[in-house]
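The values are calculated or read from the model by the stated rules, or taken from the named source; none is laboratory data. Everything quoted here is computed from the prediction, not taken from an experiment. All Cβ positions, glycine included, derive from the backbone under ideal geometry; neighbour counts span all protein chains shown. Note: accessible area is taken over every heavy atom of the protein model, side chains too, but ligands, DNA and RNA are not part of it. Shrake-Rupley method; radii C 1.70, N 1.55, O 1.52, S 1.80 Å.
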Amino acid sequence: MSASRLDAVYRSILITKFFTKGWGKPENLRRLFEFRKVVSNRDECFNLVERDYPVTITKEQNLTDCKLLEGYFVTPLERYLPGIVPEIAQKAHFQALLPIHWPEPGCKPVCLHLAGTGDHYFWRRRNLMVKPLLKEAGIGGIILENPFYGLRKPTDQIRSSLHNVSDIFVMGGCLILESLVLFHWCERNGLGPLGVTGLSMGGHMASLAATNWPKPLVLVPCLSWSTASAVFLQGVMSHSINWDLLEDQYLSDGVYREKLSKMVTIVDEAFLAGKKFARTYSEKVKTDTQTSAQKAKQENLINSLKCDSRKNLDMTYKETVVDNNNLNKKIEVDVNKDEINTKAHVKIIRSEQIAQIESLSEELKVLLDENKISKTLFDKLTSNTTFELDADDISEINKLNKNELKDLLIIYKVADEGTKDTAKLSKLDLAKDNKVEIKADAVDNQMVSPKTEATRMTVHVNSSNVAKEVPIKLAEGTEIVERKSEKKAWNVSDLTSDLWTNLPFLKPSGKKIDIGKIHWRDREALQFMRGIMDECTHLSNFSVPFDTSLIIAVCAKHDAYVPREDVGRLEEIWPGAEVRYVDAGHVSAYILHQSVFRACIREAFERSKKRWKDGKHVE
């Protein structure tokens with residue numbers, strides 16, 4: 001499904017940036033990961049908040065069409081993880097709008113509304129969702145202020161720009177427990193049936209909150225999905241994150257790599273692998289069944305041939321075989337099977353890999369004929385034995401123009417071994433599928449130039465599907481000189497489209513991580529982000545809601561903020577839940593389809609009312 005261009009354009013004009021100070025304290029992340037295991041279990045999490053948890057009502061006012069209450073309570077997360085919630089965010093503020101006269105005696109439906117990204121204070125949800133629902137269906141509403149937003153926003157935070165990655169998990173932990181406080185408060189005041197909803201991030205937070213209520217609960221998550229990892233790594237919001245800063249922090253502090261990375265799991269890797277196994281296994285069984293039938297037919301044919309003594313069967317076929325010593329040699333093989341004398345002519349043809357390697361050698365030969373490289377350098381580059389590159393050789397390489405460098409370096413690259421004076425000169429591996437695979441990571445923005453210090457290099461040469469590693473010793477008078485510009489990641493996709501601009505010997509480039517051009521699997525820091533997001537937000541890590549028949553999720557078909565590819569499907573994680581789609585992107589759905597969201601909330605509450613009697617749910 002194509003992604004909305006409006007989503008991308010809208011995100012590009014926003015100046016809000018996320019995680020501007022990095023990951024957050026490693027100790028805080030460790031505590032959050034451990035606490036996630038508690039809140040992901042409904043029985044344990046439910047017991048964290050007592051039924052009579054203190055709530056203070058600061059304002060009670062009768063308006064013309066409803067009753068308005070305002071209040072606050074201290075977030076329970078501060079009790080269990082002291083010091084992890086900023087002081088200003090520890091007091092949870094909320095508004096409640098209730099009908100003056102309930103339409104149905106004994107039935108007082110109330111829905112909790114959680115905030116999406118950038119939804120500060122109460123006015124937006126009050127006017128777009130709560131008041132219309134109150135008027136249309138007599139459904140009361142409670143609006144809870146998110147931690148880090150509105151009245152709970154730290155003074156040094158700009159708009160919705162969370163300082164640390166850990167803040168998003170603090171927000172989620174707070175909202176899970178705070179929702180339980182408000183559900184208990186509703187029950188104490190005779191309100192019900194209960195529900196929870198939210199848009200975008202609020203929808204996902206509503207999903208997490210619903211997992212820990214041990215009774216039927218209406219849930220209508222809008223414009224969200226099963227995990228937040230795709231939002232920050234694949235959606236348009238990924239461009240609002242300083243990935244270079246996160247990678248630098250991740251690599252500089254061993255705690256992230258050695259301890260924290262071992263505490264998280266990338267959920268959908270195993271999830272999708274299991275689906276793929278099930279699919280391929282069923283296909284394999286089907287294929288094996290067909291193969292068995294084919295074998296039976298072949299055996300019958302062979303038996304019939306055995307009975308036919310009139311002549312010997314002569315079969316001729318071609319087979320692709322790689323023989324480096326005898327290319328294009330025609331041989332005969334006698335095959336004696338089941339008393340059938342069969343002569344098979346096997347024609348050995350050139351391997352595709354060998355042809356490509358020879359073609360690359362011809363490119364070097366052209367440079368030699370044009371006196372662009374010396375015979376000595378040509379012999380070294382085409383040799384499979386140990387050789388030295390002296391200062392003259394390096395100087396010749398650096399004098400080549402861009403096109404000539406392209407021809408030369410398509411088979412060689414410089415790769416970092418972790419030190420400034422050490423590198424690898426590697427030949428690209430020509431795989432069987434004719435795709436290019438790089439054997440080592442590249443050193444970006446480095447140029448080989450004559451100096452006084454000796455440097456050791458190694459060449460990887462692939463020939464006839466046999467990879468050889470040949471050490472190269474640079475003679476004294478050469479070294480690898482690093483340019484002062486920032487690094488750019490070596491990318492295979494870039495190699496195929498515009499090779500010379502990405503060669504490490506050429507011009508410097510901008511960002512080290514361009515999230516739009518690389519996959520999260522390509523960098524360790526991005527893998528860590530995927531892991532911690534899945535660990536703390538993936539719905540499969542939490543309990544299944546008590547009654548999934550009361551769940552109606554609303555998604556946008558062309559959502560560029562919340563991609564749904566390569567992550568677990570909501571219907572599979574929560575069997576019985578219903579997913580509906582609007583033909584829009586994330587932004588256009590928020591603007592144009594508020595009525596659809598409200599209609600789904602009304603419908604889900606109608607389902608709940610059918611099981612509601614005398615102030616409680618009945619089976």
Which one is surrounded by the most Cβ atoms within 10 Å (Cβ to Cβ) among residues in the range 351-389 that are touching a strand residue (DSSP E or B) at 6+ places or on another chain (Cβ under 7 Å) and at pLDDT 65 or above?
LEU389
From the list SER261, SER282, SER292, SER304, exactly one residue is more than 27 Å from ILE143 (Cα to Cα), modelled with pLDDT under 90 and surrounded by 14 or more Cβ atoms within 10 Å (Cβ to Cβ). Which is it?
SER261
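Name the single residue that is most open to solvent (accessible area, probe 1.4 Å) among those in the range 222-258 being assigned to a loop (DSSP other than H, G, I, E, B) and closer than 19 Å to HIS586 by Cα.
Across the range 222-258, the extreme among qualifying residues is GLN234.
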Restricting attention to the range 184-204, and to residues there that are in contact with a Gly (Cβ under 8 Å, 6 or more places away or on another chain) and open to solvent by less than 10 Å² (accessible area, probe 1.4 Å), which single residue is nearest to ALA556 (Cα to Cα)?
GLY203
Tabulated pairs, the range 523-537, first aromatic (Phe, Trp, Tyr) and assigned to a helix (DSSP H, G or I), second open to solvent by 10 Å² or more (accessible area, probe 1.4 Å) and modelled with pLDDT of 90 or more, C-beta under 9 angstrom, 6+ apart or interchain:
none
Which pairs turn up if I take residues in the range 198-214 that are in a loop (DSSP other than H, G, I, E, B) and look for partners that are open to solvent by 10 Å² or more (accessible area, probe 1.4 Å) and of a type in the set (S, T, N, Q) with beta carbon separation below 6 Å, at least 6 apart in sequence or on another chain?
SER200/THR117; THR211/SER543
Which condition number in (1) surrounded by fewer than 24 Cβ atoms within 10 Å (Cβ to Cβ); (2) aliphatic (A, V, I, L, M); (3) over 14 Å from ALA96 (Cβ atoms) is the one that VAL181 fails?
(3)
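Might you check whether a residue that is at positive phi and in contact (Cβ under 8 Å) with a residue 40 or more places away in the chain occurs anywhere in the range 573-591?
Narrowing the range 573-591 to residues at positive phi: 576.
Then drop every residue that is not in contact (Cβ under 8 Å) with a residue 40 or more places away in the chain, which leaves none.
No: zero hits.
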The range 88-113: number of residues that are among the aliphatic types (A, V, I, L, M), open to solvent by less than 20 Å² (accessible area, probe 1.4 Å) and either farther than 23 Å from LEU199 by Cα or part of a helix (DSSP H, G or I) (or both)
1
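I'm checking my understanding of the structure. Among residues of the range 49-78 that are part of a strand (DSSP E or B) and within 17 Å of ARG188 (Cβ to Cβ), which one is most open to solvent (accessible area, probe 1.4 Å)? Break it down stepwise before answering.
Step one: of the range 49-78, the residues part of a strand (DSSP E or B) are 56-62, 67-74.
With within 17 Å of ARG188 (Cβ to Cβ) added as a condition, the list becomes 56-57, 60, 67, 69, 71-73.
Working: THR56: 59, ILE57: 67, GLU60: 119, LYS67: 62, LEU69: 14, GLY71: 6, TYR72: 65, PHE73: 3 Å².
Restricting to residues being part of a strand (DSSP E or B) and within 17 Å of ARG188 (Cβ to Cβ), the top hit is GLU60.
Each row is one residue, and each column tells you yes or no for (1) over 24 Å from GLY615 (Cβ atoms); (2) under 24 Å from the mean Cα position of the chain (by Cα).
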position: SER161; (1), (2): yes, yes
position: ASN164; (1), (2): yes, yes
position: MET171; (1), (2): yes, yes
position: CYS174; (1), (2): yes, no
position: PHE183; (1), (2): no, no
position: HIS204; (1), (2): yes, yes
Going by what's in this entry, would LEU182 be described as aliphatic (A, V, I, L, M), modelled with pLDDT of 95 or more and under 20 Å from ASN28 (Cα atoms)?
no
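Hey, among the residues in the range 138-197 that are among the hydroxyl-bearing types (Ser, Thr, Tyr) and outside any strand (DSSP E or B), which one's nearest to ILE551 (Cα to Cα)? I'd like the intermediate steps shown before the answer.
Looking only at the range 138-197, we keep the residues that are among the hydroxyl-bearing types (Ser, Thr, Tyr), and these are 149, 155, 160-161, 166, 179, 197.
From what is left, the residues that are outside any strand (DSSP E or B) are 149, 155, 160-161, 166, 179.
Working: TYR149: 27, THR155: 37, SER160: 29, SER161: 31, SER166: 29, SER179: 17 Å.
Looking at residues that are among the hydroxyl-bearing types (Ser, Thr, Tyr) and outside any strand (DSSP E or B), I get SER179.
Just name the residue that is farthest from HIS163 (Cα to Cα) out of those in the range 1-18 that are surrounded by fewer than 16 Cβ atoms within 10 Å (Cβ to Cβ) and not hydroxyl-bearing (Ser, Thr, Tyr).
Narrowing the range 1-18 to residues surrounded by fewer than 16 Cβ atoms within 10 Å (Cβ to Cβ): 1-2, 5, 9, 12-17.
From what is left, the residues that are not hydroxyl-bearing (Ser, Thr, Tyr) are 1, 5, 9, 13-15, 17.
Working: MET1: 33, ARG5: 28, VAL9: 24, ILE13: 20, LEU14: 17, ILE15: 14, LYS17: 9 Å.
Applying the filter and picking the extreme gives MET1.
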For the range 21-49, pairs from a residue that is among the aromatic types (Phe, Trp, Tyr) to a residue that is open to solvent by 60 Å² or more (accessible area, probe 1.4 Å) and modelled with pLDDT of 95 or more, with Cβ under 8 Å and 6 or more apart or across chains, are PHE35/TYR80
The lone condition ASP566 fails out of (1) open to solvent by 30 Å² or more (accessible area, probe 1.4 Å); (2) assigned to a loop (DSSP other than H, G, I, E, B); (3) under 21 Å from LEU114 (Cα atoms) is (3)
Would you point out which residue out of GLY116, GLY138 is touching a residue at least 24 places away in the same chain (Cβ under 8 Å) and either open to solvent by 20 Å² or more (accessible area, probe 1.4 Å) or under 31 Å from the mean Cα position of the chain (by Cα) (or both)?
GLY116
